[in-house]
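The values are calculated or read from the model by the stated rules, or taken from the named source; none is laboratory data. Predicted, not measured: the structure shown is a model, and the values here were computed from it. A quick note on method: Cβ atoms are made from the backbone with ideal geometry, for glycine too, and the neighbour counts reach across all protein chains shown. Heads up: the accessible areas ignore ligands, DNA and RNA and are worked out on the full protein's heavy atoms, side chains in. Shrake-Rupley method; radii C 1.70, N 1.55, O 1.52, S 1.80 Å.
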Amino acid sequence: MAKLEYDGGEDAIDRMRKNPVSRVNFTIIIINILVFAWVETTGCSENLAHMLECGAAFPPLIAAGEYYRLVTCMFLHFGFEHLFNNMLLLFFIGDYLERAVGPLRYGVIYLLGGLGGSLLSFFYNLEIGREVVSAGASGAVFAVIGAIDYVVIAHKGKLEDISLQRLLLMAVLSIYFGIVSGGVDNVAHIGGFAAGFLLGMIVYRKGRHSRE
């Protein structure tokens, strides 16, 4: 049997104790993956009719009273690439935010921030008369980015190994590529980011980031 001696020092051990697995973020990712698997086994995630049956957002139906679509659309994705891109970003960014604000507050930011993105997208599409089927966690992901931007600002521009400049560049590039590529709900992205930033201001208190 091989034997390896650990020589990482007490500082490394302390970091591991202080930074356990981000339970809520991991759970959200698993839920999104399971929902995607269910959609694929019952039909096709790139079929608009099937996605509507599964709860995708559609302004006329939401206006008619199907408000649940504002939330269910956050857990649906059009194809594997759509799912993968959102979950990969959430895996890295969400981990930082959950450690900073705690699991309960992180869950609130993700859900309410995503709902904020869905609402802005709904009202915008309703106002301009555009009937589009929308789905994806990107509004909630942008809420996470918005909230962590505030946390980084509260820490004078840097948190752990990430900087405010890097986060803002990520958000700007994501919105830019969404504009030039088409088929991306940038209104939901902007709404999610703004809601997340505001929620970050409300729930985060520097020096109080225990894991509830």
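Subtract the Cα-Cα distance of F26 and A154 from 0.36 nm times their separation in residues, and report this length gain in nm to one decimal.
Length gained between F26 and A154: 43.6 nm.
Where does each of 87-98, 139-150, 123-134, 106-117 land if you order them by average Cβ count within 10 Å, highest first?
The densest-packed peptide leads the list: 139-150, 106-117, 87-98, 123-134.
Place the peptides 77-84, 31-38 in order of packing, highest mean first, counting for every residue the other Cβ atoms within 10 Å and averaging per peptide.
Top to bottom by mean Cβ count within 10 Å: 77-84, 31-38.
What accessible area per residue, rounded to a whole number of Å², is obtained for region 52-103 using a probe radius of 1.4 Å?
42 Å²
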